[in-house]
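Following: one structure in structure tokens, then a few remarks.
The values are calculated or read from the model by the stated rules, or taken from the named source; none is laboratory data. Note that this is a predicted model, so its numbers are computed, not measured. For neighbour counting, all protein chains shown are included, and Cβ atoms are generated from backbone atoms with ideal geometry for every residue, glycine included. The area values use the complete protein model at the heavy-atom level, side chains included, leaving out ligands, DNA and RNA. Shrake-Rupley method; radii C 1.70, N 1.55, O 1.52, S 1.80 Å.
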Amino acid sequence: MTIRSLRLRLAAGGTFAILVALAVAGLGMGLLFERHAARRLAEDLDVTLRQIAGGLVVAPDGTATLERPPADPRFGTPLSGLYWQIGTPAGELMRSRSLWDQQLDLPDDTPAEGSVDHHEVSGPDGARLIVAERLLRLGPEGRLRFRAAVAADKRTVQEDRDAFIADLVPGLGLLGLVLAAAGWAQIALGLKPLAWLRDAIARVRAGEARLVEGEVVEEVGPLVEELNGLIALRDREVEEAQRRAADLAHGLKTPLSALTGDAERLRGMGQTLIADQIEAVAVAMRRHVDRELARARPRPVRRGRAAGTPVAATLAPLIDTLRRTPDGERVDFAVDIPADAVAPFERDDLIEMTGNLVENAARHAAGMVRIRYAPGPGGGALTVEDDGPGIAEADRAKALERGGRLDETGPGSGLGLAIVRDVAGLYGHRLVLARSELGGLLARIEAGPAG
């Protein structure tokens with residue numbers, strides 16, 4: 001299974017590395033302690049050898065006795081794991097009680113004079129013994145040679161090592177927790193620039209900034225440069241798309257107007273059927289052009305929550321203009337907009353949305369159009385109502401579709417409400433259609449996802 005979180009990947013990798021490091025450290029310290037314990041045991045055996053050498057006495061007749069045996073009580077306990085043995089010149093053995101009826105199986109070679117040899121041999125019950133032995137010269141002129149050896153069970157070293165590891169494990173566990181916490185803090189600190197980058201991109205997306213700006217760490221700098229380059233490229237592409245859309249609109253406007261004029265002239269000449277066909281083609285072309293231009297409408301980079309436009313001052317000229325249109329001259333406009341109200345839209349978008357709604361309301365109103373703006377959380381609500389026939393609830397979804405015309409005989413392309421819905425959606429708002437108290441249609445732009 002692939003871990004999709006970078007934080008979890010780093011944490012898992014760090015935890016694995018910590019566990020491996022602690023295991024290697026524990027194993028290494030165990031081996032070092034075992035070697036240290038073995039050296040200490042060898043040193044103790046050397047001390048015991050010196051005690052034996054100091055306590056060994058040779059009588060005039062050549063017999064030897066150990067007047068001061070080592071004081072460790074384990075030498076008197078059978079098979080205790082601690083033993084001493086002395087080989088006499090006569091081939092006899094002097095040994096500790098702990099050996100009982102057994103003897104140390106020493107190698108054939110004898111130690112060099114004045115030195116102590118260390119090696120491992122098999123002992124009682126098959127135990128492995130660490131042996132220290134030396135050659136002692138006693139008697140007249142040192143003619144009598146004694147081979148003294150002291151041995152200890154190697155299991156004591158292993159037991160000491162195991163006890164050390166048992167004491168070491170809790171400490172390593174605590175150290176692992178501390179390292180894991182430090183690693184997690186390091187990960188959080190290391191990923192903090194990514195959180196900053198996320199917030200900076202969110203500001204660009206929301207329109208609060210044009211580019212990703214601010215002080216960044218060296219490793220994130222190239223990414224920020226690439227992102228800013230991508231944003232700049234997108235800005236240029238948006239501007240180019242807007243220019244092409246405008247050029248297309250201007251380029252088709254004249255031919256379509258010419259076709260409409262030709263249809264009128266033909267109708268005046270009595271060619272009604274041909275005129276109607278040409279006019280139908282021109283209307284269909286105009287609707288297709290308007291629909292494609294609306295679809296090609298690019299989303300401006302700077303749109304978002306940061307935009308703020310005075311509503312009353314912006315809409316007053318628009319409403320005055322609409323009052324002078326043929327539809328506007330026959331209706332009364334009731335405007336209720338607080339003087340200090342500010343909408344979270346850019347000026348052109350606010351004009352476009354309101355213009356479409358008011359123009360649509362004036363076209364279908366019997367005599368009254370009411371425009372209201374109520375400030376509130378999320379940007380308030382802009383409402384346009386009329387006293388016309390309204391739209392049945394079953395037909396409201398179709399009215400919001402691109403090109404969705406309920407009256408195929410009337411003017412318009414059926415794109416007005418769809419454009420309002422799309423533009424409002426860019427700001428996190430929605431267009432709601434309902435029945436007005438005036439009897440006609442109520443169209444309200446409010447904060448919230450599109451329904």
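Numbers for the structure displayed
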quantity	calculated
Cα-derived Rg over Rh, computed across segment 1-158 with Rh taken as Kirkwood radius	1.29
Solvent-accessible ranking of Arg134, Arg198, largest area first, probe 1.4 Å	Arg198, Arg134
Dipole-positive endmost among Pro317, Met29, Gly62 within the chain (Cβ charges, Cα centre)	Pro317
Cα centroid separation, segment 127-151 to segment 307-366 (Å)	117 Å
Normalised per residue, the volume of the convex hull around the Cα set of the chain (Å³)	295 Å³
Segment 101-175 - Debye-derived log10 I(q)/I(0), Cα point model, q = 0.12 Å⁻¹	-0.51
Cα centre as origin, Lys/Arg/Asp/Glu Cβ charges: the chain dipole, Debye	800 debye
Accessible area of segment 115-265 belonging to carbon and sulfur atoms, whole % at 1.4 Å probe	57 percent
Heavy-atom surface of the chain, accessible at 1.4 Å and reported per residue (Å²)	58 Å²
Packing rank of 232-239, 12-19, where each peptide gets the mean count of other beta carbons within 10 Å, highest leading	12-19, 232-239
Helix-only mean residue ellipticity at 222 nm for the chain, each DSSP H run of n ≥ 4 adding -39500 (n - 2.57), per residue, nearest 500	-17500 deg cm²/dmol
